[in-house]
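Encoded as structure tokens, the structure appears first; notes follow it.
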Amino acid sequence: MNFMAIASIYRFEMARFFRTITQSLVSPVLSTSLYFVVFGAAIGSRIDEVEGVSYGAFIVPGLIMLTVMTQATSNASFGIYFPKFIGTIYELLSAPISFIEVVIGYVGAAATKALFIGLVILATSFFFVDIQIAHPIAMISFLVLTCVSFALLGFIIGIWAGNFEQLQLIPLLVITPLVFLGGSFYSISMLPTVWQNITLFNPVVYLISGFRWAFFDTADVPVAISLFAIGLFTAMCLGVIWWIFKTGWRIRQ
């Protein structure tokens with residue numbers, strides 16, 4: 001394992017994050033604060049509790065997941081797409097490093113950025129609501145797994161994308177709607193039975209449910225199923241990335 005190569009890619013990507021700290025960090029925090037004002041204050045004043053939790057606190061896990069998923073995906077997709085765009089991807093491919101080391105460097109940096117932003121948003125939420133984390137270790141574990149899995153998805157999107165518009169296509173038109181419809185601002189038990197069954201086909205439901213359980217010890221689906229879902233999603237992304245580097249799809253073409 002070429003740890004020097006991994007560290008070089010990782011440091012380069014993290015340096016880019018800190019060069020654009022306003023866009024990378026301040027913007028998500030401000031957006032999340034607006035969600036707290038609109039949903040927590042305006043709507044929360046009309047909803048006392050959801051499953052025994054105040055509505056303002058109930059939406060915190062969903063808000064963190066919304067930001068973490070989109071940030072991990074966007075950072076990883078841009079990180080690998082930019083070398084393709086300027087042509088330096090060929091220098092990377094000709095270097096004495098394996099695809100595993102390339103993936104670890106880019107995905108690790110994107111996951112770190114998303115994790116950092118998620119923790120900052122969690123800290124920000126304490127200024128708006130009173131939160132008690134029932135299972136802090138499980139909460140961090142779910143957060144890390146989500147960051148890594150969606151960074152892997154972003155890496156795939158970056159390889160697939162043919163232009164900058166396509167980089168934002170999946171996060172904006174797929175991931176964000178799935179999060180909003182995945183119980184981020186409500187419990188799926190509040191839905192009619194038919195819609196509850198339909199919602200269970202949304203994979204994001206299992207991630208948000210498991211993450212919310214870590215906070216409030218309550219979940220829409222069993223925690224074991226949530227862990228299985230995120231593990232399966234991660235394995236599928238790894239399989240796709242292995243196939244991409246094996247065939248050279250969208251890399252050498």
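Of the residues in segment 131-142, at least one is out of contact with any strand residue (DSSP E or B) (no Cβ under 9 Å at 6 or more places or on another chain), surrounded by 24 or more Cβ atoms within 10 Å (Cβ to Cβ), touching a residue at least 12 places away in the same chain (Cβ under 8 Å) and part of a helix (DSSP H, G or I).
Within this structure, residue 74 passes the test of being surrounded by 12 or more Cβ atoms within 10 Å (Cβ to Cβ), in contact with a helix residue (DSSP H, G or I) (Cβ under 6 Å, 6 or more places away or on another chain) and modelled with pLDDT of 90 or more. Only a single criterion out of (1) surrounded by fewer than 17 Cβ atoms within 10 Å (Cβ to Cβ); (2) under 15 Å from the mean Cα position of the chain (by Cα); (3) modelled with pLDDT of 90 or more; (4) among the aromatic types (Phe, Trp, Tyr) is not satisfied by residue 228, namely (2).
I'd like to check something: does segment 143-156 contain any residue that is of a type outside the set (Lys, Arg) and outside any helix (DSSP H, G or I)? No, the conditions are met nowhere in segment 143-156.
Determine whether segment 21-41 contains at least one residue that is modelled with pLDDT under 85 and not in a helix (DSSP H, G or I). No, because not a single residue in segment 21-41 is modelled with pLDDT under 85 and not in a helix (DSSP H, G or I).
The condition (being at pLDDT 95 or above, surrounded by 18 or more Cβ atoms within 10 Å (Cβ to Cβ) and at negative phi) is satisfied by just one residue among 150, 128: 150. Each residue in segment 77-100 was checked for being in a helix (DSSP H, G or I), surrounded by fewer than 20 Cβ atoms within 10 Å (Cβ to Cβ), of a type outside the set (A, V, I, L, M, F, W, C) and in contact (Cβ under 8 Å) with a residue 60 or more places away in the chain, and 1 pass. Selection of segment 178-193 for residues being closer than 16 Å to residue 72 by Cα and out of contact with any Leu (no Cβ under 9 Å at 6 or more places or on another chain) yields only 178.
Residue count for segment 208-229, restricted to those that are in contact (Cβ under 8 Å) with a residue 12 or more places away in the chain, touching a Ser or Thr at 6+ places or on another chain (Cβ under 6 Å) and within 19 Å of residue 137 (Cβ to Cβ): 4.
In the set (1) more than 22 Å from residue 43 (Cβ to Cβ); (2) surrounded by fewer than 17 Cβ atoms within 10 Å (Cβ to Cβ); (3) modelled with pLDDT under 90, residue 191 fails one condition alone, (1).
The values are calculated or read from the model by the stated rules, or taken from the named source; none is laboratory data. Because the structure is a prediction, the values reported are computed rather than measured. Here the Cβ is made from the backbone with ideal geometry for all residues, glycine too, and neighbour counts use every protein chain on show.
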